[in-house]
Amino acid sequence: MSAEPKKDSLHELELIISQILRGGVLFAGIFLLIGWLWMWFRDGDNLQTFTSYEPRPLIENIHWALVMNDRALLVSLFGLVALVCLPLIRVLMTGVLFIKQKDKGLAIMAFAVFIALVGSFLLGIDI
C-alpha cells in the first residue's frame with residue numbers, strides 16, 4: 001500500500017521535468033524568434049553579410065552587443081543560452097529523480113554526466 005503514493009510522487013516529478021523542458025524549449029524559442037525577427041526588421045536581409053565565417057568567442061559577441069546597444073542580438077543570445085542549458089537541467093533533474101527513487105548508482109552516474117557536461121561546456125567556451 002505504501003508503494004502507491006511513492007509511485008504517484010515519482011510520476012508527478014517526471015511530469016514536472018517534462019513540463020519544465022517543454023516550457024524551456026518554448027521560452028528559448030520565443031526569445032530566439034523575437035531576436036531574429038527584430039534583427040530582420042531592423043537590418044533587412046542579414047544573410048548577405050555571411051560571405052565569410054569568422055569565429056568569435058561568446059563573451060566577445062556579448063560584449064560587442066552591449067557596447068553597440070544591440071538588444072536584438074542580446075535577446076537572441078539569451079534564447080540560445082537558455083536552449084543550450086536545457087540538457088543540463090534535464091540531467092540534473094534526472095539525478096534528483098534517481099535520488100527520490102533511492103537508486104544511488106544511477107544517481108551517481110547522472111551527477112557524473114552532469115559534471116562532465118558542465119565541464120565540457122566550460123572547456124568549449126573560448127573566453
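Read the figures in this text as sums done on the coordinates, not as results from a lab. These numbers come from a predicted model, not from an experiment. Glycine also receives a Cβ, built like all others from the backbone with ideal geometry; neighbour counts cover every protein chain displayed.
Can you tell me how much longer the chain between ASP8 and TRP36 gets when fully stretched, taken as 0.36 nm per residue apart minus their C-alpha distance, in nm with one decimal?
5.9 nm
Quick test of the membrane-span-like rule: which DSSP H helices of the chain reach at least 20 Å along their long axis (C-alpha atoms) with mean Kyte hydropathy at least -0.5?
Those that pass (Cα extent of 20 Å or more, hydropathy at least -0.5) are 3-43, 71-100, 104-124.
With +1 assigned to the C-beta of every Lys and Arg and -1 to the C-beta of every Asp and Glu, and no other charges, what is the dipole magnitude of the chain about the Cα centre in debye, to the nearest 20?
Roughly 440 debye, rounded to the nearest 20.
Using a Förster distance of 35 angstrom, determine the FRET efficiency expected from the C-beta separation of LYS100 and LEU66, and round it to 0.05.
The pair LYS100/LEU66 has a calculated efficiency of 0.25.
Taking the dipole about the Cα centre of the chain, with the C-beta of Lys and Arg at +1 and of Asp and Glu at -1, give me whichever of ILE115, ALA72, LEU13 is farthest to the positive side.
The Cα lying farthest towards the positive end belongs to LEU13.
By how many nm would the segment from ILE89 to ALA116 lengthen if fully extended, with 0.36 nm per residue of separation less the alpha-carbon distance?
Computed gain between ILE89 and ALA116 is 8.4 nm.
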